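The next block holds one structure in the form of structure tokens; read it before the comments.
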Amino acid sequence: MKVLLTRKLHDFAVKELKRKYDVEVHTGKIPMPKKLLISKIKDKDGLICYPYDSIDSDVINAGTKLKAISTYSVGYDHVDIKTASKRGIVVGYTPEVLTRATADLTMALMLSLFRRIPEGNKLVRSDKWKTIFGPYEFLGTDLYQKTLGIFGMGRIGKAVAKRAIGFEMKVVYHNRTKLSKKEEENLRVRYVPLDDLFRTSDVVSIHSPHTSQTNEIVNLKLIKKMKKTSFLVNTSRGKIINEKDLVIALKRKIIAGAALDVFQKEPISGNNPIAKLDNVILMPHSGSATVETRKDMAEIAVKNLVLALAGKKPVYQVVI
Ligand code: DGY
């Protein structure tokens, strides 16, 4: 069988695949240009792709022999799942293993906003740091007893809730489906309507998948419901926030600040208006970027593909 990788994976993963299949690894421009992807997919049985690859119906339908797609990501909004499923192509993804790393980064961003870490780092390196330890010197705010609003209470949302409870925050959430009473009690979280989540939280953190329902759901109208002192964090998908609206909100100080690991179009350019603002912390889509997690993701991505190509159920399969 023939397998295409739109980018090199870990050596152990490529080795494992090469023991079983005729493997082609794209080494050129990233993302792989669509025309090239379409020409290369034609004779392939399996595909390993990444969250920035657009695996749309043109690509899937060009893969007339395609049996399995394995994405090296928990998000699968870049794969046309409907077309794949119509064609009987199995789609695998890599949830669970990246939950901890993404939740950790969310907390890091939250702490960075509350305690002004990037600003402090810049100040200390400049010659503008003149006084120390004054009662009003470089004050941030406590996480303690502040309200965290989690939008999207899946695996990562829950992992963030657990961490936030550790910091003695109050946690409210909004999700398509409410958790059971028992789970709410265990996690110590409370369900609220979407408007209330934005209205009452000191920090709102986005953990929902990007779907037609969540596309740009966080717009100016919703952001305007937030307190002037509140923060917005997004480690999920950029397209959930209307970025132009967020720039307006940050410029007008409608909210205190934001921290973004994801953007509507990635990578952003230095000319992007969001990159010009002081009250936003920016990261290069690194939620799952730890040595351990990325290795685990590679293992799962390979397992998913191997199982699917053998006609078996992958470890994690996208079902619609
Ligand atoms: C994912 O897995 O979907 C993440 O966005 C990649 O870090």
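The values are calculated or read from the model by the stated rules, or taken from the named source; none is laboratory data. The structure presented is a predicted model; accordingly, all values stated were derived computationally and were not measured. Cβ placement follows ideal geometry from the backbone for every residue including glycine, while neighbour counts extend to all protein chains displayed. To get the accessible areas, we keep the full protein, side chains included, count just its heavy atoms, and leave off ligands, DNA and RNA. Shrake-Rupley method; radii C 1.70, N 1.55, O 1.52, S 1.80 Å.
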*Name the residues whose placed amide hydrogens come within less than 5 Å of the amide hydrogen of MET169, ignoring near sequence neighbours (fewer than 5 apart) on the same chain.*
GLN145
*Roughly how many whole Å is it from the C-alpha centroid of segment 8-51 to that of segment 266-310?*
18 Å
_With every atom except the alpha carbons ignored, what do you get for Rg and Dmax of segment 137-182, in angstroms?_
12.4, 45
*With a ≥ b ≥ c the root eigenvalues of the C-alpha gyration tensor of segment 126-216, is it rounded (a/c under 1.5), prolate (a/b larger than b/c) or oblate?*
prolate
_Amide H contacts under 5 Å for VAL91, placed H, 5+ residues apart_ = ILE69, VAL318
*Gain on full stretching of the segment that runs from LYS15 to LYS182 - 0.36 nm per residue minus C-alpha separation*: 55.6 nm
_Compute the angle between helix 99-115 and the longest alpha-carbon principal axis of the chain, please, reported from 0 to 90 degrees and rounded to the nearest 10._
20 degrees
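By the gyration tensor of its Cα atoms, with a ≥ b ≥ c the square roots of the eigenvalues, what is the shape of segment 54-196: rounded for a/c under 1.5, prolate for a/b over b/c, or oblate?
oblate
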*How far, in nm, would the chain grow between ILE117 and GLU216 when pulled straight, counting 0.36 nm per residue and subtracting the alpha carbon separation?*
32.8 nm
_Amide hydrogen neighbours beyond the local backbone of VAL233, cut-off 5 Å, H modeled_ = VAL204, SER205, ILE206, ALA259
*Can you figure out the FRET efficiency of LYS244 with LYS128, using R₀ = 30 Å and their beta-carbon distance, to the nearest 0.05?*
0.40
*Residue by residue through segment 286-300, which ³J(HN,Hα) values in whole Hz follow from phi under the Karplus form 6.51 cos²θ - 1.76 cosθ + 1.60 (θ = phi - 60°), with glycine and proline marked x?*
10, x, 9, 7, 10, 3, 5, 5, 5, 5, 4, 4, 4, 4, 5
*Accessible area per residue, 1.4 Å probe, Å², for segment 139-220: what's the number?*
51 Å²
*asked:* Out of the GluC sites (Glu not before Pro) in segment 175-261, which ones are loop residues according to DSSP with at most 16 other C-beta atoms within 10 Å?
replied: GLU216
*Over all Cα pairs of the chain, how is the pair count split among 10 Å bins, expressed in % and running from 0 up to the last occupied bin?*
6, 25, 30, 22, 13, 3, 1
*Excluding ASP195 itself, calculate the net charge of residues whose Cβ lies under 12 Å from the Cβ of ASP195, where each Lys or Arg counts +1 and each Asp or Glu counts -1.*
+3
*What is segment 161-320 by shape, rounded, prolate or oblate, if you read a ≥ b ≥ c off the alpha carbon gyration tensor as root eigenvalues and call it rounded for a/c under 1.5, prolate for a/b larger than b/c, and oblate otherwise?*
oblate
*Each residue of segment 33-50 in turn: what ³J(HN,Hα) in whole Hz from Karplus with 6.51, -1.76, 1.60 and θ = phi - 60°, glycine and Pro shown as x?*
x, 4, 4, 5, 4, 5, 6, 7, 6, 3, 9, 9, 8, x, 9, 10, 10, 10
*Of all accessible surface on segment 48-120 at a 1.4 Å probe, what whole percent is carbon and sulfur?*
52 percent
*Note down the nm distance, to one decimal, between modelled labels 7 Å out along Cα→Cβ at ASP43 and at LYS65.*
0.7 nm
*Report, in whole Å, the centroid distance computed from the Cα atoms of segment 202-221 and segment 157-172.*
19 Å
